[in-house]
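Readers should treat all values here as calculations from the given coordinates under stated rules, not as data from a laboratory. These figures come from a predicted structure and were not determined experimentally. Cβ placement follows ideal geometry from the backbone for every residue including glycine, while neighbour counts extend to all protein chains displayed.
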Amino acid sequence: MLVNGFYDEKRNPSLTIRLSGIATHAAMPDGLIVDGVLDTGFAGFVAAPITEILPLGLPLSGMTPMILADSSMHQRLAALACVTVGGRALWGEVVLDPTAKEFLLGLEFLRTFNFALVLTDREICLIEKDDQWAKGFDNWIAATGSQNRSIIRATP
Amino acid sequence: MNDTVIWDFPDLRELGERGAEIYRKKYQADFEARYRGQVAAIDVHSERAFVAPTMTEAGRNGRAECPGAFFYFVRVGFAAVYRCRR
């Protein structure tokens, strides 16, 4: 599966997702469709502005400490949500941020959906790392020589 | 909405503090020796803990044993589960 992202008006790499809960909420029967910023500086699944996500009526699952960009630490609520991308729907813990203005999709989001993220100056592609992808990746390494393999292994 | 509005619900603040205290007293020393870097989900009512590589997996493991539980999530050996750079 290949999903296309886009650059938003601030040139953030972004992706359109659908968020929903366990029960269909009368006010939002189709869930909430939002553009999230693909943020590899965020290790989590999804961080969401609490005011935008409250109408979904997601069940609170817990609380977690989170360090913000200014190094301050805050307790944040977490809720269980279903995220749909490219027809695939998976559940994860969404961190509810009362100060955020945008949705963030972090490294755990990429891992949960088993996505490889490919960024160029104009294009953003999320490629599901299935057998076909693995075969193509191996072929690319074989075709471009062992130098690329060492670069890839050196990247954490 | 700001932090003050959220923290006007004292029960939530208490639940978070209770979770942190359970972790410190019952699990921290043992977990830091065995599960550094993993995420622990502490059920604040039963005081049971569930460890997994991610918050989503720790929550899933916890809900399988304690449906409807409210968890305090902590990354073992670190101050916070996540750092947000934005």
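Results, tabulated for the structure shown:
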| read-out | value |
| --- | --- |
| Hits among lysines - C-alpha to C-alpha of A:Lys129 under 29 Å, sequence gap 8 or more where chains match | A:Lys10 |
| Local electrostatic count at B:Phe73 - Lys and Arg +1, Asp and Glu -1, tallied over other residues with Cβ under 15 Å | 0 |
| Value at 222 nm in deg cm²/dmol, rounded to 500, when DSSP H runs of n ≥ 4 in chain A each add -39,500 (n - 2.57) | -6000 deg cm²/dmol |
| For chain A, the fraction of alpha-carbon pairs in successive 5 Å shells from zero, as % | 2, 8, 16, 20, 18, 14, 10, 6, 4, 2, 0, 0 |
| Mean separation of Cα contacts under 8 Å (6+ apart) over length of chain B, as relative contact order % | 28 |
| Share of pairwise Cα separations in the stretch A:72-125, more than 16 Å, in percent | 55 |
| Computed Kirkwood radius, in angstrom, where 1/r is averaged over Cα pairs of chain B | 13.4 |
| Highest-MSF residue in chain A out of A:Asp97, A:Asp35, A:Asp130 [GNM, Cα springs under 10 Å] | A:Asp130 |
| About the Cα centre, charge dipole magnitude for the protein assembly as shown (Lys/Arg +1, Asp/Glu -1 at Cβ), debye | 680 |
| q = 0.11, 0.23 Å⁻¹: log10 I(q)/I(0) that the Debye formula gives for the stretch A:54-146, counting C-alpha atoms only | -0.49, -1.27 |
| FRET efficiency, 1/(1 + (r/R0)^6) with R0 41 Å, evaluated for B:Leu12 and A:Arg111 via beta carbons | 0.90 |
| Built amide H within the under 5 Å cut-off of A:Asp8, gap 5+ | A:Ser14 |
| Set of lysines near B:Lys26 by C-alpha distance (under 27 Å), chain-local residues within fewer than 8 positions excluded | none |
| Theoretical ellipticity at 222 nm over chain B - DSSP helices of four or more residues, -39500 (n - 2.57) apiece, nearest 500 | -11500 deg cm²/dmol |
| Length-normalised contact order for the stretch A:1-136 - Cα pairs under 8 Å, 6+ apart - percent | 30 |
| Sites A:Asp70 and A:Val118, calculated FRET efficiency, Cβ-Cβ separation with R0 30 Å, nearest 0.05 | 0.45 |
| Distance in nm between pseudo-label sites at A:Asn139 and B:Ala33 (7 Å out along the Cβ direction from Cα) | 5.2 |
